[in-house]
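The values are calculated or read from the model by the stated rules, or taken from the named source; none is laboratory data. Everything quoted here is computed from the prediction, not taken from an experiment. Positions of Cβ are backbone-derived with ideal geometry, glycine not excepted, and every protein chain shown enters the neighbour counts. Please note that ligands, DNA and RNA were not included when accessible areas were found on the heavy atoms of the full protein model with its side chains. Shrake-Rupley method; radii C 1.70, N 1.55, O 1.52, S 1.80 Å.
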Amino acid sequence: MDVAMTSTTQTVCPSCGGQVSEADRFCEACGAELNPTAAPASPALDTDTEPTIEISTAPAAEPVGPCRSCGGAIGAEGYCETCGTKASKPRDHFDEHPAPWVAGVCDRGIRHSRNEDALAIAADAEPGSRALLVVCDGVSSSLDSDVASLAAARAAREVLVAGHAQGIGTESSHSNAIVARLKAAADAANDAVLDNTSPDSPNPASCTFVAAALEDGLLVAGTVGDSRAYWFPDEDEAVPLTVDDSWAAELIATGIPRAEAESGPHAHAITRWLGKDAPDHTPRTTTIRPAGPGWILVCSDGLWNYCSEAAPLADLVRQTAAAHGGEPLATASALVDWANAQGGQDNITVALARI
């Protein structure tokens, strides 16, 4: 997330002159640390410490090679032995690939100094059967949002994985059961954020939440904040499954053109989120039954910032998938690369499932 949810005093970054607030720890424009010599206002959590839920795709605790700049080997001191670039932390870029038809990539981007996005996904082996995709985007002005967002995404996934309710045999009851589980997942995610927030923090950790659950032909998506979910059928119009909780979305609802609303000074100010000071964290949900082949996309604003309209974003996904043989992991990675090529001004997360 690029903009704080609450009003704070504005100032400028000493490195690039970009606008920042007194609550910010890092400049959103250039990634420079603000007031690096100042003591933290509250006990900080170790941002390299992983949450208690462990999965095989979790980022490791130490930098690993190869070098992301040149492909060279990383030395014991954490620098590339070929080009000298400091190795990125595994939290800066990681992927999950639970089944051949489902994958996701989470990346720090170019301008940020840490990755506050998070990803947690699960899937059954059979293509088109069951997929669970969760993305959380930490709010930059809050403390320890990188730790909290990852804990939230994993906690939500665990709730979604644990249940597979069928309702009472009707489609509406089945849909209601999935919706109830999505809401329980959001509750667990919110609890995880609280667990990773210092009780006396002046800027408690907070993040967005979006999840998509595909089960038995039903696709249910729920969101809090401005991370998004889409259904992109191969032969039909793109379907946005979520509506942002943001000032921009409220302006769009009043008739302001999307391009104008999403380029204004408060374009990314969100109106709902997960965390200690959240007004309401119950996700708004949408249920559809996909009628044919296509792509489920769940992403943070680091991707859709550069392609907000559903139709051109669907075209981008389809074209990227076609260029990478329809392979979800390669497609997700290429979409992250594309967003970085557009400027990479935010963290980027892309999760895909191919039906």
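Close Cβ contacts (under 7 Å, 6 or more residues apart or on different chains) running from residues in region 144-170 that are under 13 Å from LEU119 (Cβ atoms) to residues that are in a loop (DSSP other than H, G, I, E, B) and open to solvent by less than 10 Å² (accessible area, probe 1.4 Å) comprise ASP146/ASN115; ASP146/GLU116; SER149/GLU116. Of all the numbered requirements in (1) at positive phi; (2) open to solvent by less than 20 Å² (accessible area, probe 1.4 Å); (3) among the small types (Gly, Ala, Ser); (4) without any contact (Cβ under 8 Å) to a residue 40 or more places away in the chain, GLY225 misses one, and that requirement is (4). When ASN176, ASN115, ASN203 are checked against the criterion of being over 21 Å from ARG228 (Cβ atoms) and touching a residue at least 40 places away in the same chain (Cβ under 8 Å), ASN203 stands alone in meeting it.
Within region 328-355, the set of residues being touching a residue at least 60 places away in the same chain (Cβ under 8 Å) and acidic (Asp, Glu) comprises just one member, ASP346. Candidates are the residues of region 245-268 that are closer than 21 Å to ALA186 by Cβ, touching a residue at least 24 places away in the same chain (Cβ under 8 Å) and of a type outside the set (Ser, Thr, Tyr); the one that is least open to solvent (accessible area, probe 1.4 Å) is ASP245.
Would you confirm, using the coordinates I've provided, whether VAL239 is touching a residue at least 60 places away in the same chain (Cβ under 8 Å) and either under 19 Å from LEU133 (Cβ atoms) or open to solvent by 50 Å² or more (accessible area, probe 1.4 Å) (or both)? Yes.
Of all residues in region 218-235, those that are within 18 Å of the chain's Cα centre (by Cα) and in a strand (DSSP E or B) total 9.
In summary, SER175 fulfils each of the numbered conditions (1) assigned to a helix (DSSP H, G or I); (2) within 23 Å of PHE94 (Cβ to Cβ); (3) at pLDDT below 95 with the single exception of condition (2). Can you spot a residue in region 196-210 that is touching a strand residue (DSSP E or B) at 6+ places or on another chain (Cβ under 6 Å), under 18 Å from ALA310 (Cα atoms) and either assigned to a loop (DSSP other than H, G, I, E, B) or open to solvent by less than 10 Å² (accessible area, probe 1.4 Å) (or both)? The answer is yes; a qualifying residue exists.
Those strands (runs of 3 or more DSSP E) of region 78-147 in which at least 2 residues are in contact with a helix residue (DSSP H, G or I) (Cβ under 8 Å, 6 or more places away or on another chain) and open to solvent by less than 10 Å² (accessible area, probe 1.4 Å), considering only elements entirely within it, cover 102-107, 117-123, 130-137. Taking region 307-326, which residues are free of Cβ contacts under 8 Å to residues at least 12 places away in the same chain and over 18 Å from the mean Cα position of the chain (by Cα)? Residues satisfying the conditions are PRO312, ASP315, GLN319, ALA322, ALA323, HIS324, GLY325.
Across region 310-331, the number of residues qualifying as under 18 Å from PRO240 (Cα atoms) and open to solvent by less than 40 Å² (accessible area, probe 1.4 Å) comes to 5.
The requirement of being surrounded by fewer than 24 Cβ atoms within 10 Å (Cβ to Cβ) and among the hydrophobic types (A, V, I, L, M, F, W, C) is satisfied by LEU218.
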